[in-house]
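For reference, the structure is listed below as structure tokens.
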Amino acid sequence: MKTMAEKIWEQHVVVAGDGEPDLLYVDLHLVHEVTSPQAFESLRLANRRVRRPDLTVATMDHDVPTRGGRLAADEIAERQMSALESNCRREGIALYGIGHARQGIVHVIGPELGLTQPGLLIVCGDSHTSTHGAFGALAFGIGTSEVEHVLATQCLRQRRPKTMAVTVDGALPLGVTAKDVALGIIARIGVDGGRGHVIEYRGSTIRALSMEGRMTVCNMTIEGGARAGMVAPDETTVTYLKGRPYAPADAQWDAAIAHWKALATDADAPFDQEVVIDATRLEPYVTWGTNPGQSVPVSGSVPNPVTETDERALAYMALEPGTAMEAIAVDRVFIGSCTNARLEDLRLAASVVRGHSVHPKVRAMVVPGSASVKRLAEAEGLDAVFRQAGFEWRDAGCSMCLGMNPDILGPGERCASTSNRNFEGRQGRGGRTHLVSPPMAAAAAIAGHLVDVREFGKN
Amino acid sequence: MEPFTRVTGVLAPLDRANVDTDQIIPKQFLKRIERSGFGPFLFYDWRRAGNFILDRPAYRGAAVLVTGANFGCGSSREHAAWSLLDAGFRAVIAPSFGDIFKSNSFRSGLLPVELPAPEVAELNRLATEEPGMEITVDLKSRRIRAGGFETAFAIDPFYRECLLNGWDEVALTLRQDGAIARYESTRPAWLPISR
């Protein structure tokens with residue numbers, strides 16, 4: 001009796017550690033411009049080559065300007081992008097760089113190209129690599145030294161993590177999204193509750209989520225401290241993958257499906273920890289503090305501080321305990337990031353925006369997760385909905401999720417954001433972030449303050 | 001990687017829980033393509049806000065940091081470990097670390113030491129009440145000594161060996177080339193290839 005994580009782990013052991021960490025084989029190595037230059041440089045200095053460029057895919061996302069194209073990049077970002085280009089050229093690695101039709105946030109393009117598949121071991125120098133677990137892959141973020149190790153050997157030395165089952169059952173109430181499921185889970189287990197574990201999300205709520213929704217939940221796994229989160233593949237997964245550019249085809253397709261179906265956790269396989277969540281009690285959540293565990297339902301108010309961490313968070317966020325969350329005015333709204341910038345997210349946000357205008361005091365922007373998401377959204381007129389309401393409609397990239405490009409908050413600016421981290425200064429030094437779902441962000445842009453999307457538009 | 005056997009130096013306290021890697025090294029400094037030179041940007045925003053504890057003269061040049069639980073959570077940026085090393089730190093003591101930060105630390109030569117919360121609290125008290133006090137962290141004997149305080153710590157034996165010897169992990173793995181090639185020959189044909 002084995003869990004899905006254990007099965008995938010064992011299928012990837014090249015050399016069993018026997019007391020030492022296991023040596024694991026990596027099926028897919030995703031690379032971006034920020035965490036790779038030092039890895040390539042060390043490789044070059046040691047006179048080593050990339051072992052499997054054909055299992056490596058690169059894109060540019062963290063630094064890229066979201067308007068004005070490459071010419072708008074600052075000098076240092078340009079240097080990082082050029083370094084990635086020359087590294088990929090030298091090693092023969094496929095690169096979907098700025099301007100390419102397949103460019104986008106690394107965790108958005110992997111799935112949409114069909115590179116991300118069930119049963120794979122996927123790594124990337126980025127903590128949100130957990131996103132790919134939505135397909136039943138074992139996927140986790142690594143540091144630059146590990147990136148170098150994978151480039152050189154296509155392997156990684158790891159100790160086997162513990163397993164945690166998070167079971168979410170019941171129908172999601174109206175206005176509650178996958179993002180709220182993720183925030184609800186983190187509120188329950190805490191920002192380090194998953195430390196040392198792989199989380200498997202299960203239960204009827206998870207099964208009912210689209211692939212986009214599952215990616216949102218798995219994406220936020222690292223905010224609960226776990227490196228990897230996963231969902232067993234099913235018909236939803238198979239339907240999503242069929243016909244994608246890198247998905248198996250013809251006879252390979254049937255062989256792949258047979259393998260994928262055997263991955264699910266065996267009945268009665270034990271987990272080291274189990275958490276059960278009743279989806280019918282979830283609400284749209286908003287963070288009030290400076291970590292993703294500090295959240296309350298939007299109908300609630302800023303809590304009284306319990307710890308010193310809470311006090312420091314309230315001071316940074318300039319919030320008074322007891323203030324109704326809906327009374328908090330916002331200056332900016334950001335709809336984007338590897339958490340919430342896929343087509344379904346933009347559709348949900350647009351459905352709230354349609355027929356309304358952005359509040360005059362708010363600057364709002366939509367940053368699609370990939371060039372492909374942008375094209376698809378434009379084909380169904382979502383860009384027009386956003387633009388007519390007063391949103392800026394940008395090119396694909398990580399953008400204001402971490403503010404490595406010109407898209408940043410000014411000191412003291414308050415933002416309703418669909419991204420994943422409300423850390424101090426994350427979106428710009430002195431900026432204040434409230435994490436929300438795409439419909440909640442859209443509603444806040446129109447109302448000019450945080451607002452309960454369930455009540456929005458009723459009067 | 002520079003070998004790590006023992007370090008003796010000033011102990012600096014940062015009594016905060018969940019210090020994320022965005023605080024350790026803010027994103028505006030991630031655009032360098034070198035591994036070095038990140039020290040001046042360590043805790044940049046907190047330093048810039050003024051009156052930051054690590055800027056007190058007694059803690060200048062500190063070699064060991066004692067801090068709160070879940071240190072280094074968040075982003076995978078190894079720049080966090082590099083900036084601590086570049087600023088002169090060789091070891092960090094905390095009740096727990098973010099998984100990726102801990103792994104990055106081992107691989108870049110920064111020693112992450114996990115101690116029970118009461119012992120961390122005691123070290124924090126000592127460092128605060130006797131600013132500039134020295135601590136010795138000995139990886140070989142897995143012991144820590146600071147004034148009258150002494151304790152042992154547990155550590156992953158594999159990474160202890162790597163640190164003690166300054167091993168290049170890539171070189172270790174390249175010795176397994178035969179096993180890797182054998183594994184590759186068994187991979188099914190339907191797996192994705194990027195070309």
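Listed values, structure above:
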read-out: Test: B:TRP190 is facing another protein chain (nearest Cβ under 9 Å) and either part of a loop (DSSP other than H, G, I, E, B) or β-branched (Val, Ile, Thr) (or both); value: yes
read-out: Residues (small (Gly, Ala, Ser), under 18 Å from the mean Cα position of the chain (by Cα), at negative phi and in a loop (DSSP other than H, G, I, E, B)) located in the range A:399-427; value: A:SER419
read-out: Only one of A:LEU319, A:LEU346 that is closer than 20 Å to B:ALA17 by Cβ, touching a residue at least 12 places away in the same chain (Cβ under 8 Å) and either in contact with a helix residue (DSSP H, G or I) (Cβ under 9 Å, 6 or more places away or on another chain) or not in a helix (DSSP H, G or I) (or both); value: A:LEU319
read-out: Options A:THR153, A:THR131; residue that is buried (at least 24 other Cβ atoms within 10 Å of the Cβ), under 19 Å from A:THR236 (Cβ atoms) and not aliphatic (A, V, I, L, M); value: A:THR131
read-out: Subset of the range A:69-116 [of a type in the set (Asp, Glu) and crowded, with 21+ Cβ neighbours inside 10 Å]; value: A:GLU112
read-out: Qualifying residue in the range A:53-70 (condition: more than 11 Å from every other protein chain (Cβ to nearest Cβ), more than 25 Å from the chain's Cα centre (by Cα), assigned to a helix (DSSP H, G or I) and under 26 Å from B:LEU30 (Cβ atoms)); value: no
read-out: Close pairs from the range B:153-173: first in contact (Cβ under 8 Å) with a residue 24 or more places away in the chain and within 11 Å of chain A (Cβ to nearest Cβ), partner of a type in the set (D, E, K, R) and not in a helix (DSSP H, G or I), Cβ under 8 Å, at least 6 apart; value: B:ASP156/A:ARG159; B:GLU169/A:ARG157
read-out: Residue list for the range A:364-404, filter: under 26 Å from A:VAL34 (Cα atoms), surrounded by fewer than 24 Cβ atoms within 10 Å (Cβ to Cβ) and of a type in the set (S, T, N, Q); value: A:SER372
read-out: In the range A:19-43, residue farthest from the other protein chains (Cβ to nearest Cβ) [restricted to those that are of a type in the set (Asp, Glu) and buried (at least 23 other Cβ atoms within 10 Å of the Cβ)]; value: A:GLU33
read-out: Extreme residue, farthest from the other protein chains (Cβ to nearest Cβ), among residues of the range B:1-54 that are surrounded by 19 or more Cβ atoms within 10 Å (Cβ to Cβ) and assigned to a helix (DSSP H, G or I); value: B:PHE41
read-out: Test set (1) facing chain B (nearest Cβ under 9 Å); (2) under 22 Å from the mean Cα position of the chain (by Cα); (3) over 22 Å from A:LEU28 (Cα atoms); (4) of a type outside the set (Ser, Thr, Tyr) - A:ALA46 fails condition number; value: (2)
read-out: Those residues of the range A:360-398 which are in contact with an Asp or Glu (Cβ under 9 Å, 6 or more places away or on another chain) and part of a helix (DSSP H, G or I), in sequence order; value: A:ALA371, A:SER372, A:VAL373, A:LYS374, A:ALA377, A:ALA384, A:PHE386
read-out: Odd one out for B:VAL66 among (1) assigned to a loop (DSSP other than H, G, I, E, B); (2) over 25 Å from B:ASN165 (Cβ atoms); (3) touching a Leu at 6+ places or on another chain (Cβ under 7 Å); value: (1)
read-out: All positions within the range A:1-15 that are free of Cβ contacts under 8 Å to residues at least 40 places away in the same chain and more than 10 Å from every other protein chain (Cβ to nearest Cβ); value: A:GLU10
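Read the figures in this text as sums done on the coordinates, not as results from a lab. Model, not experiment: these values are computed from the prediction. Counting neighbours? That spans all protein chains shown, and the Cβs are built from the backbone with ideal geometry, glycine included.
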